Amino acid sequence: MKKIAYSGIEGAFAHVVARKLFPDDIHVPHPGFREVYEAVLKGECDAAVLPVENSYAGPVKETAEIIAEGKLRIDSEYTLPIVQNLLGVRGSRIGDIKKVISHIKALEQCDGYIKEHGYEVIESVNTAMAAREVTRMQNLSVAAIASLEVAAIYGLKVLDEHINERDDNKTRFVVVSRIDESTFTDNR
């Protein structure tokens, strides 16, 4: 069984992709992209799933910088349709919500919806962590913006579906692994 690194916690979009591509392997969460990179580079994980670009919000700068270092190879890519939803705690209603928590890219993807409802925004490391935080808070006036998968994982109520601005919202992910240096020859 392989160990597949991803950034975030259970339910993060990278985790969703890791489960789709490697359903029978071990999925290993890490707090950030740099930690994911290091886990593969050090051999703690066999491969990693990293986001590289969102069709709405653009390139993921930190991932691009990591890949540009050239110490990992890109093995494959996968494009995940992204649908953002408004998720609250059980008992909350859409009219109760005053604040939304999510990753900055998810907040950008739902900017029109957020402005239309006058929500205060709070940034989170990723959408799954935002959902977990809303569950922990148990505050009827705070919601997360995240996937339906996350709602099921953290026991949240779906208050509104498909709140992102565009229907063609997709994130491109790459699977990276270590470069086998034994395949290089010394040309000196």
**Report entry** Ranked list, fewest to most other Cβ atoms within 10 Å of each Cβ, for Asp160, Asp24
**Finding:** Asp24, Asp160
Report summary line: the chain: relative contact order from alpha carbon pairs under 8 Å, six or more residues apart, as a whole percent, is 30
Query raised in the report: Taking the structure as given and computing mean projected area of the Cα convex hull in nm², which label from (i) 11.3; (ii) 16.3; (iii) 12.0 fits?
Result: (i)
Report summary line: Per the C-alpha gyration tensor (a ≥ b ≥ c, the square roots of its eigenvalues), the stretch 85-160 is rounded if a/c is under 1.5, else prolate if a/b beats b/c, else oblate; here it's oblate
Query raised in the report: At what distance in nm do the modelled label points of Arg172 and Lys99 sit from each other, each positioned 7 Å from its Cα along Cα→Cβ?
Result: 3.7
Requested in this report: Find, among the GluC sites (Glu not before Pro) in the stretch 1-91, those assigned to loop by DSSP (not H, G, I, E, B) with at most 13 other beta-carbon atoms within 10 angstrom.
Outcome: Glu44, Glu69
Requested in this report: Tell me what the chain gives for mean residue ellipticity at 222 nm when only DSSP H runs of n ≥ 4 count, each as -39,500 (n - 2.57), the sum divided by the residue total, rounded to 500 deg cm²/dmol.
Outcome: -8000 deg cm²/dmol
**Report entry** Cross-link pairs Lys2/Lys71; Lys99/Lys170; Lys61/Lys115; Lys20/Lys98 - those with Cα-Cα distance over 30 Å
**Finding:** Lys20/Lys98
Query raised in the report: Taking neighbour Cβ counts within 10 Å as the exposure measure, how do Phe22, Phe33 sort from fewest upward?
Result: Phe22, Phe33
Query raised in the report: Roughly how many whole Å is it from the C-alpha centroid of the stretch 117-132 to that of the stretch 1-50?
Result: 22
Query raised in the report: How long is the gain from Lys20 to Lys42 if the chain were fully straight, where each residue apart is worth 0.36 nm and the alpha carbon distance is subtracted?
Result: 5.5 nm
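Laboratory data are not the source of any read-out in this text; all were calculated from the coordinates shown. Every value quoted in this text rests on a predicted model; they were computed, and no experiment measured them. Virtual Cβ from ideal backbone geometry, glycine too; neighbours counted across all protein chains shown.
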